[in-house]
Amino acid sequence: MSVKQPLRGYRILSAEQYGAGPYGTMFLAQLGAEVIKIEPPNGGDTARQVGPHWLREQESLYFQSFNLNKKSLTLDLGSDQGQAILHRLVEGADAVVNNLRGDVPAKIGLDFAALKKVKPAIICAHISAYGRDNDRAAWPGYDYLMQAEAGFCSLTGEPGGPPVRFGLSMVDFMSGTQMIVGLLAALLDAQRSGEGCDVDVDLFSAAIHQTSYPAIWYMNEGDVTGRVPRGGHPSATPSQMFKAADGWMFVMAQIPKFWPLLMDKIGHRALAEDARFATPAKRLENRDILTGILDDIFGKHTVAHWLKLLQGHVPVAPIYDLDQALDNPWLEKIKMRERIDHPDRGSLDVLSSPIKLDGQRLPNHAGPYLGADSDAILTNAGYSADDIAAFRAAGVV
């Protein structure tokens, strides 16, 4: 049974690099779109040079994280010939994506103002650090900077400790995902109206938007959410990390019904009826006392013991190191790990798409080597072998 891929037949051109843009367009490629990475002829996407693990010289394993299922075209967009090739490709494309610095797309003709003359229905989707229409348009910027300025670092870690960034580049990933939501919505509209547009997402706005309910609390009540010990929820408890005899786990009696159930399951029903903990407000008021009591209880047995008692009844999870998380047998059971063919290694272990259609995860194949598809893409666009050879000799591809 073949896997449904609803974007088959759509073509996306993407002048993308590193994380946010490639992460977003990988979803489009997994959903069946033909995603063509447009890369500089000398070196390509900077992600190809990110170590420490390599497939072959100057081809990084890191690159595979964000570029499964894509094609690679090398093209100098700063040259006149490169622009002519771009325009020919746009004629047969549905969208053009980039995650360049905010002032660059207009300079190299990747915005709707430039490309609507080629195809009025084209969608031009942009991810930049701070946007394309303000005083920071020319500023470089990365995920970690957004975590810093949007308040993430001040919300992460233990009270009294130094600011802490997330262990992963979540702002990049959120921005890439938000970009494809906007792109797909604009694409639907273009199919009805025949008119394309620009779609913009910037890392800073995406990060600020994710401050969500603490932002609403502050903007309306002046309530500044701070750090809570053990990664706890700011207003619900117990909803935090606890140390068992041999490791840590996260326990979440997040809503009222789970509090008495948790106490029943761990054999301490009397605590559910203790006046100090009888209501959510009382438990919050006495969080430190409750944490101490539960530490004593959970510390008497192993994580495995508590998981056996609680899983499926009360929200609980072990706190794993990365290797434990990826070797978790549950990933195999739900098919979130996959082995794909790769010419350098025979096979490559990758993460599967989190999206399932009709119960099946989307297919994957290895990310392309730099320029691997240039000849085929240009041939399909109507260029002869002599044309392509001339482009290559001139450094255009």
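Take the alpha-carbon centre of region 282-357, take the same for region 181-229, and report the distance between them in whole Å. Result: 29 Å between the Cα centres.
Remark: the chain carries a charge dipole of roughly 1040 debye about the Cα centre, counting +1 on each Lys and Arg Cβ and -1 on each Asp and Glu Cβ. Taken about its Cα centre, region 159-240 carries a charge dipole of roughly 500 debye when the Cβ of each Lys and Arg holds +1 and the Cβ of each Asp and Glu holds -1. Bridging of LYS37 to aspartates and glutamates at a Cα separation below 16 Å is possible for GLU16, ASP45, GLU59, ASP76, ASP94, ASP373, ASP375, once same-chain residues fewer than 8 apart are set aside. Between VAL199, ALA15, GLY82, the Cα set farthest toward the positive side of the dipole of the chain (charges on each charged residue's Cβ, about the Cα centre) is that of VAL199.
How many percent of the accessible area of region 1-99 is carbon or sulfur, using a 1.4 Å probe?
Values: 1780 of 3750 Å².
The computed percentage sits at 47.
Taking all protein chains as shown and a probe of 1.4 angstrom, GLU285 keeps an accessible surface of around 130 Å². Considering only THR379, GLY359, GLY157, the residue lying farthest towards the positive end of the dipole of the chain is GLY359, judged by Cα position with unit charges set on Cβ. Ranked from largest to smallest solvent-accessible area, with a 1.4 Å probe on the protein heavy atoms, PHE173, PHE391 come out as PHE173, PHE391.
With the cut-off at 29 Å, tell me which of the pairs LYS300/LYS335; LYS4/LYS333; LYS70/LYS116; LYS70/LYS356; LYS4/LYS308 have Cα atoms farther apart than that.
Numbers: LYS300/LYS335 35 Å; LYS4/LYS333 21 Å; LYS70/LYS116 25 Å; LYS70/LYS356 19 Å; LYS4/LYS308 37 Å.
Correct reply: LYS300/LYS335; LYS4/LYS308.
Helical runs (DSSP H, four residues minimum) scored at -39500 (n - 2.57) apiece and divided by the length of the chain put the mean residue ellipticity at 222 nm at -10000 deg cm²/dmol. Can you work out the base-10 log of I(q)/I(0) for region 115-219 at q = 0.13, 0.15, 0.16, 0.19 1/Å, using the Debye formula on its C-alpha atoms alone? Here the Debye-derived log intensity ratios amount to -0.58, -0.71, -0.78, -0.97. Rg over Rh for region 138-184 works out to 1.08, both radii taken from alpha-carbon positions and Rh defined as the Kirkwood radius.
Counting only protein heavy atoms and using a 1.4 Å probe, the accessible area of TYR218 comes to about 130 Å². Binning all Cα-Cα separations of region 91-164 at 10 Å, short to long from zero, yields these whole-percent fractions: 19, 35, 23, 15, 8, 2.
Compute the Rg to Rh ratio over region 250-397 from the alpha carbon atoms, using the Kirkwood formula for Rh, and round to two decimal places. It would help to have the intermediate numbers written out before the result.
Working: Rg = 27.5 Å, Rh = 20.9 Å.
Expressed as Rg/Rh, it is 1.31.
Ordering LEU55, LEU13 by accessible surface, largest first, gives LEU55, LEU13; the 1.4 Å probe counts only protein heavy atoms, with every chain in place.
Net length available on complete extension from LEU284 to ALA376 is 26.8 nm, with 0.36 nm assigned per residue and the Cα-Cα distance removed.
Here the Kirkwood formula, the inverse mean of 1/r across different C-alpha pairs, assigns region 158-268 a hydrodynamic radius of 18.0 Å. Expressed as a fraction of 2.2 N^0.38 Å, the value expected for a compact globular protein of N residues, the C-alpha radius of gyration of region 52-119 is 1.35. Using heavy atoms of the protein chains and a probe of 1.4 Å, the accessible area assigned to VAL228 is about 20 Å². Among GLN210, PHE242, PHE63, whose Cα lies farthest out toward the positive end of the dipole of the chain, if unit charges sit on the beta carbon of Lys, Arg (+1) and Asp, Glu (-1)? Farthest along the dipole direction, towards plus: PHE242.
Taking the convex hull of the alpha carbon positions in region 27-178 and averaging its projected area over all directions gives 11.2 nm². Projected label points at LEU357 and MET219, each 7 Å from Cα along the beta carbon direction, are separated by 3.5 nanometres. According to the Kirkwood relation over distinct C-alpha pairs, the hydrodynamic radius of the chain is 24.0 Å.
Hey, any idea what % of region 277-331's accessible area is carbon plus sulfur with a 1.4 Å probe? Carbon with sulfur: 59 percent of the solvent-accessible area.
Separation of region 105-136 and region 30-77, taken as the distance between their Cα centroids, equals 22 angstrom.
Against the chain, whose longest principal axis is taken from its Cα atoms, helix 80-91 shows a tilt of about 70°. Applying a DSSP loop filter and a limit of 14 other Cβ atoms within 10 Å to the trypsin sites (Lys or Arg not before Pro) in region 184-264 leaves LYS257. What shape does region 210-283 take by its C-alpha gyration tensor, where a ≥ b ≥ c are the square roots of the eigenvalues and a/c under 1.5 counts as rounded, a/b above b/c as prolate, and the rest as oblate? It is oblate, given that a/c is not under 1.5 and a/b is not larger than b/c. Per residue, the solvent-accessible area of the chain (1.4 Å probe, heavy atoms of protein chains only, all protein chains present) comes to 50 Å². Only Lys, Arg, Asp and Glu carry charge here, each on its Cβ (+1 for the first two, -1 for the last two); on that basis region 211-341 has a dipole of about 320 debye about its Cα centre.
The values are calculated or read from the model by the stated rules, or taken from the named source; none is laboratory data. Note that the structure is predicted; figures quoted are calculated from it, not measured. A quick note on method: Cβ atoms are made from the backbone with ideal geometry, for glycine too, and the neighbour counts reach across all protein chains shown. Please note that ligands, DNA and RNA were not included when accessible areas were found on the heavy atoms of the full protein model with its side chains. Shrake-Rupley method; radii C 1.70, N 1.55, O 1.52, S 1.80 Å.
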